Every structure is written in C-alpha cells, then in structure tokens.
Amino acid sequence: MRGRAPSRAEPPAAVPTREAILDAAERLFSARGVDGVAVRDLAREMGLTPSSLYNHFSGKQALYEAVLERGLRPIVDLVAAAPSGVLGPAQLAATIERLIRHLAVHPHLARLLQRALLEDGQLQTAIGRWAGTLYAQGVGVLRGGAVDAGWEPAEVPHLALGLFGIIFAYFTNAPAVRALAGSKDDPFSPRALALQRRFLEKAVYRLLGPRPRSAGRRGRPRP
C-alpha cells in the first residue's frame with residue numbers, strides 16, 4: 001500500500017507592505033475620523049497584531065502623519081510649481097490631469113481631508129499644517145491672476161475656497177450622488193474621470209481665465 005504523498009505546505013500569508021497599511025489607514029480614517037480608529041482596528045483590518053504594526057509605525061500619530069504626507073505632499077508640490085498669473089489652457093489641462101490622477105489613486109483622501117478639517121483633536125495639528133500650507137500657496141497663485149480674471153483682491157480667499165470645493169467635492173460626494181440618482185456607473189471609472197477632468201478644465205478656466213477687455217469692472221453688475 002502506497003503511503004500518501006505529503007501535502008505541500010501552504011505558503012505563508014504575505015505580510016502587508018507599508019503602502020498597503022497606508023491604504024487601509026487612509027480608508028479607515030476617512031470613514032471614522034482619526035479619533036474613531038484605534039491601532040488595534042487597523043491591525044485587525046490588515047490581519048496583523050498591533051505589535052507587528054508598530055514595526056512599521058511607532059503609533060497612530062506617526063501613521064496619520066504618513067497618510068497625510070503621502071496624500072497631500074504631491075498636491076502641495078503641484079500647487080507650488082504653478083506659476084502666479086493667468087493659466088493657459090494647456091498648462092491648466094496638464095495640472096488638472098495630474099491632480100485627478102493622484103486623487104483617483106487615493107479615492108479616500110478627499111473625504112479624509114474634509115472630515116479632518118471639521119474635527120477637533122490632538123492629531124489635528126498635523127492636518128492644520130498641511131491645509132495651511134496648501135491654502136497659502138493656492139491664494140498666492142490665484143492672487144497673481146485675479147485682477148486679469150476680474151476678481152477683487154478681497155474675493156481671492158473666497159475664490160480659493162470655491163476652487164477647493166469644486167476640485168475635491170467630486171471625490172468626496174460622487175458615490176453618494178450616484179446612489180441618490182440611481183446610477184450604476186462607477187464614478188472612478190476612466191470614462192467618468194475623463195468627464196470630470198473636462199468639467200474641471202472648463203470650470204477653472206472660466207473662473208481664472210483672462211476676461212475680455214470689454215467686460216471690465218464698470219460693466220459688471222453689482223451684487
């Protein structure tokens with residue numbers, strides 16, 4: 001009687017990489033807020049023990065700051081590289097393309113940012129630093145072309161806030177709007193993202209593009 005061949009040992013489960021941990025943390029922070037996520041929750045999500053997670057990050061503070069660094073650093077760098085003044089169509093299209101691509105890779109980042117700005121807590125100092133830098137850079141870029149685009153200096157902060165909403169709201173609210181509309185389309189599909197990119201190009205250019213000389217301040221109706 002032949003003996004049974006020994007069964008092959010199952011390969012060990014892959015240990016989550018640092019990027020996989022950051023992906024899970026970004027998703028959980030966006031859904032529950034920073035205070036609503038414990039290290040043990042994230043470790044359970046990744047199939048790790050809390051002590052194993054500490055091999056990658058010293059604690060929740062370090063993990064949260066790493067999520068923000070990965071998500072917001074490319075956006076801050078993108079805004080910092082933008083010239084001050086009226087954007088041309090080609091330059092605007094390239095900037096929006098890079099921004100849409102980054103937010104699509106990190107689909108929970110916009111919601112995490114929105115939730116973080118509304119919360120109070122010890123960890124909010126980190127988001128405050130990033131948001132403050134991004135806001136200051138954005139206002140600086142906009143101020144250069146605001147006059148040619150027909151905006152008053154006092155309106156520039158409102159313009160910056162409005163552009164923030166236009167750019168990030170799609171990634172924050174698209175799934176909910178899709179559900180309300182009864183749509184089965186994936187808001188993060190290539191087709192949907194291409195449509196959003198074209199919308200942003202038109203919307204931002206109409207807000208920041210040069211105004212015809214005939215449409216000067218004297219011709220504008222008063223609010």
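The values are calculated or read from the model by the stated rules, or taken from the named source; none is laboratory data. Quick caveat, the model's predicted, so the values are computed rather than measured. Ligands, DNA and RNA are excluded from the accessible area calculation, which covers all protein heavy atoms including side chains. Shrake-Rupley method; radii C 1.70, N 1.55, O 1.52, S 1.80 Å.
Measuring with a 1.4 Å probe in the full set of protein chains, what accessible area per residue, in whole Å², belongs to segment 33-73? List each step's numbers first, then the result.
Details: 1950 Å² over 41 residues.
Computed with neighbouring chains in place, this is 48 Å² per residue.
How much accessible area per residue does segment 104-164 have, in Å², with a 1.4 Å probe?
Using a 1.4 Å probe on heavy atoms only, each residue of segment 104-164 averages 52 Å².
The apolar share of the surface of segment 154-212, taken as the fraction of accessible area on carbon and sulfur atoms (1.4 Å probe, ligands and nucleic acids excluded), comes to 64 percent.
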